[in-house]
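Data first, discussion second: the structure below is written as structure tokens.
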Amino acid sequence: MRPDKDFDVIIIGAGPAGSACAYTLAKQGKDVMLIERGDFPGSKNMTGGRIYSYALEQLEPGLTASTDLERCVVHEQVMVMAGGRSIMLDYHDPLFNPENGVPQSYTVLRSKFDRWLANKAESAGVNIVCGIRVDDVIKENGDIIGVIAGDDKMICDLVIAADGVNSLMAQKAGLIGDIRAGSMGLGIKETIELPSEIINQRFNLKENEGTARMILGCTDGIRGGAFLYTNNDSISLGAVYSPEDIQKCGKPAHRLFQELKMHPAIYPLITDGRTVEYAAHLVGEGGYKARIAKPYQNGLLVIGDAAGFVMNMGYTVRGLDLAILSGIAAADAYLSEQDSRKTGPVYVSELEKALLPAMRAVEKYHQVMQNSSLYTEYPQMAVSLMTGIYTVDAPGTASLKTLTKQTLKANHFSWRKAAKAIWTVVKSS
Ligand SMILES: Cc1cc2nc3c(=O)[nH]c(=O)nc-3n(C[C@H](O)[C@H](O)[C@H](O)COP(=O)(O)OP(=O)(O)OC[C@H]3O[C@@H](n4cnc5c(N)ncnc54)[C@H](O)[C@@H]3O)c2cc1C
């Protein structure tokens, strides 16, 4: 503990990781400063659109019910597109919205949610300043003892970097080098306002119930995919593209995204809507292997996206819950060990309890999703097979076996390649 300190803990970034950490510490009487570069928490933030409530419940039991969230997700959908055609799998589970209990997940808008969580932290005693960018950390004999923001220098026991993907603080602390395009996706998202009754009709939804849809085959062969979430009075439509592939293909991401919006399976859902937000943001795609293996230094812990705690499993993306869990883990580490040289290892053991096993369990998904056939041949084959099955233009009908053979042949399907892909999936599950 430093006698000359201004605060016990300084947290950089009021996203879900930073605010969850600040809230946990303040409730235990710690003097916390939370610094956010945006005009207000959430003003610079972007997500696809769904948060799993178990993390909020871990932050504080009963918290989900008081949060400013959108619709609870009861429809989990996967859509496959090829050309103008599409196939959709809709898993409807009413129990995801139980009568007595906490719904499993909600759609979420960051400008509302981040603000709400930061306000919660502030009412627990956290000092929050917005519109200030932290520029650097202060080091003394190799240990981190504070931060520099403009002309201000602030000293503390512990600095927590919650500054999101491509963390400047983790770079300044020497924990990561330059950003690697291979482990990042470029996300683009539009929030499209529509009356809630129209959303209910278009998505066949009951009041307050929502849809989470992941879309494959809509990226012109580029590794990536799209997502769609229904909010109370808006739709979040977005896509994530491999920056490396975008560069090679030469088509700008905004044009690809525009094509998605015009797709016959998407346009009717958003038509007559008003765009109220358009944003782009990087998203960590590398999973467990791309995280910062040692997310600490003496006097500094790294949490949330800044540490690479995000999982893209293809059918769902999880970063918000991991951000909250890592924020709690960092707070718990400081509460139990305040010697700045020992807090880091305690933090890692808290992470091991909280989230690392879940990340390890799906660590090879990233490898599976590198298979370019997933974005080209496979969607094409699936859609061609459907065309064959549902096209009746003569009295005779080919059997399913014949249609499958024809489809595979027409798409130059190779059993060897497929066996290799299946083996990768089996190994990674
Ligand atoms: C396109 C896309 C779709 C996604 N979909 C989902 C989804 O559906 N579900 C899900 O769970 N996750 C999703 N994610 C991931 C999720 O958004 C992140 O994992 C989550 O936001 C991480 O929270 P965080 O608090 O660590 O970082 P962030 O939310 O990025 O917050 C970091 C904060 O730090 C501030 N900051 C940065 N630098 C400084 C500085 N120098 N000084 C002061 N403040 C600073 C920023 O302004 C920001 O407020 C998605 C991400 C993207 C990009």
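Odds and ends about this structure:
- Measuring nothing but protein heavy atoms, the accessible surface of the range 1-51 at 1.4 Å probe radius is 42 percent carbon and sulfur.
- Heavy-atom accessible area ranking, 1.4 Å probe, most first, across LYS139, LYS248, LYS112: LYS248, LYS139, LYS112
- Taking the range 102-193 and dividing mean pair separation by its residue count, relative contact order in percent (alpha carbons under 8 Å, at least six apart): 14 percent
- Between ASP4 and PHE40, residue separation times 0.36 nm minus the direct Cα-Cα distance comes to 10.0 nm.
- Cross-link reach list, lysines versus LYS420, counting only Cα pairs under 24 Å and skipping chain neighbours closer than eight places: LYS289, LYS364, LYS401, LYS405, LYS409
- Accessible surface of the range 293-370 [probe 1.4 Å, protein heavy atoms]: carbon and sulfur percent: 52 percent
- Dipole magnitude (debye, nearest 20) for the range 156-271, charges at Cβ of Lys, Arg, Asp, Glu: 400 debye
- Dipole magnitude (debye, nearest 20) for the chain, charges at Cβ of Lys, Arg, Asp, Glu: 1900 debye
- Sorting THR211, THR47 by solvent-accessible area of protein heavy atoms yields THR47, THR211, largest first, with a 1.4 Å probe.
- 24 Å Cα-Cα reach of LYS189 towards lysines, excluding residues that sit fewer than 8 places from it in its own chain: LYS44, LYS112, LYS248, LYS251, LYS261
- Neighbour net charge for GLU193 - beta-carbon separation under 12 angstrom, K R +1, D E -1: -3
- With all protein chains modelled, accessible area of ASP272 [1.4 Å, Å²]: 140 Å²
- Taking a straight line from the alpha carbon of LYS172, these aspartates and glutamates sit under 20 Å away, with near neighbours fewer than eight places off in the same chain left out: GLU36, ASP135, ASP136, GLU140, ASP143, ASP151, ASP152, ASP157, ASP163, ASP305.
- Tail fraction, Cα-Cα pairs, the chain, threshold 38 Å, whole percent: 26 percent
- In the complete set of protein chains, residue-level accessible area for ARG223 is approximately 50 Å², probe 1.4 angstrom.
- Sites excluded, GluC sites (Glu not before Pro) in DSSP loops with at most 12 other C-beta within 10 Å, longest stretch of the chain: 208-429
- Separation of the range 196-263 and the range 135-161, taken as the distance between their Cα centroids, equals 40 angstrom.
- Take every DSSP beta bridge whose two residues both sit in the chain; close to 70 percent of them are antiparallel.
- Length-normalised contact order for the chain - Cα pairs under 8 Å, 6+ apart - percent: 20 percent
- Counting only protein heavy atoms and a 1.4 Å probe, the chain has 45 square angstrom of accessible area per residue.
- A Förster distance of 41 Å, applied to the separation of the beta-carbon atoms of VAL129 and HIS412, puts the FRET efficiency at 0.10.
- Counting heavy atoms of the protein chains alone, HIS254 has an accessible area of about 110 Å² for a 1.4 Å probe.
- Cα lying deepest toward the dipole's positive end in the range 357-416, options THR407, MET359, VAL383, charges on Cβ: MET359
- LEU95, LEU109, reordered so the largest accessible area comes first (probe 1.4 Å): LEU95, LEU109
- Rg/Rh (Cα only; Kirkwood hydrodynamic radius) as it applies to the range 67-185: 1.13
The values are calculated or read from the model by the stated rules, or taken from the named source; none is laboratory data. Since the model is a prediction, treat every value here as computed from it, not as a measurement. Reconstructed Cβ throughout: ideal geometry from the backbone, glycine too, with neighbour counts over all protein chains shown. Only protein heavy atoms, including side chains, enter the accessible area calculation; ligands, DNA and RNA are left aside. Shrake-Rupley method; radii C 1.70, N 1.55, O 1.52, S 1.80 Å.
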